[in-house]
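Encoded as structure tokens, the structure appears first; notes follow it.
The values are calculated or read from the model by the stated rules, or taken from the named source; none is laboratory data. Being a predicted model, the structure only gives us computed values, none of them experimental. Using ideal geometry, Cβ is built from the backbone for each residue, glycine included, and neighbour counts are taken over all protein chains shown. Ligands, DNA and RNA are stripped out before the accessible areas are found, and what is left, the full protein with its side chains, is counted by its heavy atoms. Shrake-Rupley method; radii C 1.70, N 1.55, O 1.52, S 1.80 Å.
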Amino acid sequence: KTGKILATTSRPSFDPNIKNIQNYMDPLISVAFEPGSTMKTYTYMCAIEKGTYNGSETFKSGEIKIGDDIVKDWNIDGWGTINFDQGFEYSSNVGISYMMQKFINKSDLRDCLKKYGFGEKIGIDLSNELSGKINFNYPIEVASAGFGQGITTTALQQSQALPIISNNGKMLKPHIVKKIVDVNDNKVTYNRKIEESEQLVSNSTISKIKDLMYNVIHGSDAGTTGRSYKIEGFDIIGKTGTSQIFDNRAGKYLTGTNDYVFSFAGMYPKDNPEIIIYGAMKKPKYGKNTALSIASKSLMESIDQYRGMFREINKKKSLTI
């Protein structure tokens, strides 16, 4: 609700007692990467807000031909004919490709992504911030942008866009520095104010997005992508991402088993989110599909121990029952 970045961390880390720092760049702001399917949240948001989205309409999953290119789902065989609501839960690239033909167009998506803060520097109180790129023109580029490939964003930009959901349609500018106090006279010389945008998305759109994100974590279908992030008793909503890594030297995407960036954008509690978590892990050595979820769940459980958020929720639930 404030835009405060409560914590940030990255690996590999370093020992401050010895000079073994290999990279002085902060991945939070100085690394722009193809984010993958977490961007489907904003593509869906754009279509829902436009008023053209029909979650009950169906499409054939698995693959779709766009010009000379073929877009495939992560489940190559697909799930047969499914609707667009299920397409979000299953993280269907084919579903996004059809959406870009049925519900929104190239201009709609570009305008929405710019409105949500992508493609521009935020101007946070840290140095060496990158802007990322949201350039796309040809049909295959447009479809790819809709599911987070061929465009680049920073983790910070994700941290600015996600509060649109938690803050009922208004974006919050993230910040690190809360205040500056003069040690000589204990006077506050700088006090950070909450920077909130105008209403970017309607409450009805936000409600629908929350429901879709809830199903990603709590759905029981075989294609549900976020079940590994579920914690019993925690009202978490979120979206997973798996993005290919482009090799600039070779001029093509890497194809190894773990040559991906795995990411997660989540928040809780569902109805009135207080905490947002965004995490990304590049080419994990172990636990291709579980390493990030294990780390994220451990973090969320630790936050709960500190704040006691879900203890109160569960207490109310037990009293209601």
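Scanning segment 157-191 for residues that are touching a residue at least 40 places away in the same chain (Cβ under 8 Å), of a type outside the set (A, V, I, L, M) and open to solvent by 50 Å² or more (accessible area, probe 1.4 Å) yields one hit, 178.
Here residue 44 passes the criteria (1) in contact (Cβ under 8 Å) with a residue 60 or more places away in the chain; (2) part of a loop (DSSP other than H, G, I, E, B) except the one numbered (2). Checking each residue in segment 83-103 for being in contact (Cβ under 8 Å) with a residue 60 or more places away in the chain and either outside any loop (DSSP other than H, G, I, E, B) or open to solvent by 70 Å² or more (accessible area, probe 1.4 Å) (or both) picks out 85, 86, 88, 89. Filtering segment 89-138 to residues that are of a type in the set (Asp, Glu) and more than 19 Å from the chain's Cα centre (by Cα) leaves 108, 125. Here residue 224 meets each of (1) at pLDDT below 95; (2) in a loop (DSSP other than H, G, I, E, B); (3) of a type in the set (Val, Ile, Thr) with one exception, condition (1).
Filtering segment 120-148 to residues that are at positive phi, out of contact with any Pro (no Cβ under 8 Å at 6 or more places or on another chain) and open to solvent by less than 70 Å² (accessible area, probe 1.4 Å) leaves 123, 132. Please tell me if residue 72 is open to solvent by 60 Å² or more (accessible area, probe 1.4 Å), out of contact with any Ser or Thr (no Cβ under 6 Å at 6 or more places or on another chain) and of a type outside the set (Gly, Ala, Ser). So residue 72 passes the test. Look at segment 230-245: where a residue is open to solvent by 10 Å² or more (accessible area, probe 1.4 Å) and a partner is small (Gly, Ala, Ser), sitting 6+ places away or on another chain with Cβ atoms under 6 Å, you get 240/226; 242/36.
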